[in-house]
Amino acid sequence: MNKYKAWMNAKPYKRNQGRRVRQMTLAASLVLVGLGCWSLRSTLSVFYGDEMVQFGIPAVLLALGLWLSWRLVHVPTFADFLIATEAEVNKVSWPTRNQLVQATGVVLVFMVFVTLFLFVSDALWQYALTAIGVLPGSG
């Protein structure tokens, strides 16, 4: 079997497996294609006055990008990867809202202490190095 045949096949691969991650991958791919074509149209409008060029080339690339984006999530090797990815994400133990708030508070308090420690250390080193003449004195 030709490895490129999967790209030309219009039939969906394992349609109901890994549905969420495949939809999100398709959506992200479509956003990238759409923004790229919009940017290309804007660039072409600066350099070419012909509307056929300004809209024709991006339209053809948009159609090709839509097809490739849709096919991307249905190529067997990539689709199996996305299906496995969703299965692994579903195994993750997500924290509750209360746990998340507590963990965020711990991180913020720790960062304040680290900031204060670095500030005091810097001030002490600056004072010591200025006192022994390594750094020039202020004013």
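The values are calculated or read from the model by the stated rules, or taken from the named source; none is laboratory data. Please read these numbers as outputs of a predicted model, since none were measured by experiment. We place every Cβ from the backbone using ideal geometry, glycine too, and count neighbours over all the protein chains shown.
Filter the helices (runs of 4 or more DSSP H) completely within the stretch 36-139 down to those with at least 2 residues that are at pLDDT 85 or above and farther than 30 Å from Gln17 by Cβ.
Numbers: elements: 51-72, 76-90, 97-131.
The helices (runs of 4 or more DSSP H) meeting that bar are 51-72, 97-131.
Show the residue pairs that are 6+ apart or on different chains and have beta-carbon atoms under 9 Å apart, the first residue being within the stretch 90-118 and free of Cβ contacts under 8 Å to residues at least 60 places away in the same chain, the second being of a type in the set (Gly, Ala, Ser) and surrounded by 10 or more Cβ atoms within 10 Å (Cβ to Cβ).
Pro95/Ala103
Output the number of the condition that Thr130 fails; it satisfies all remaining conditions of (1) closer than 21 Å to Ser29 by Cα; (2) surrounded by 11 or more Cβ atoms within 10 Å (Cβ to Cβ); (3) of a type in the set (Ser, Thr, Tyr).
(1)
Would it be correct to say that Ala59 is more than 22 Å from the chain's Cα centre (by Cα) and surrounded by 10 or more Cβ atoms within 10 Å (Cβ to Cβ)?
Spelling it out, Ala59 is indeed more than 22 Å from the chain's Cα centre (by Cα) and surrounded by 10 or more Cβ atoms within 10 Å (Cβ to Cβ).
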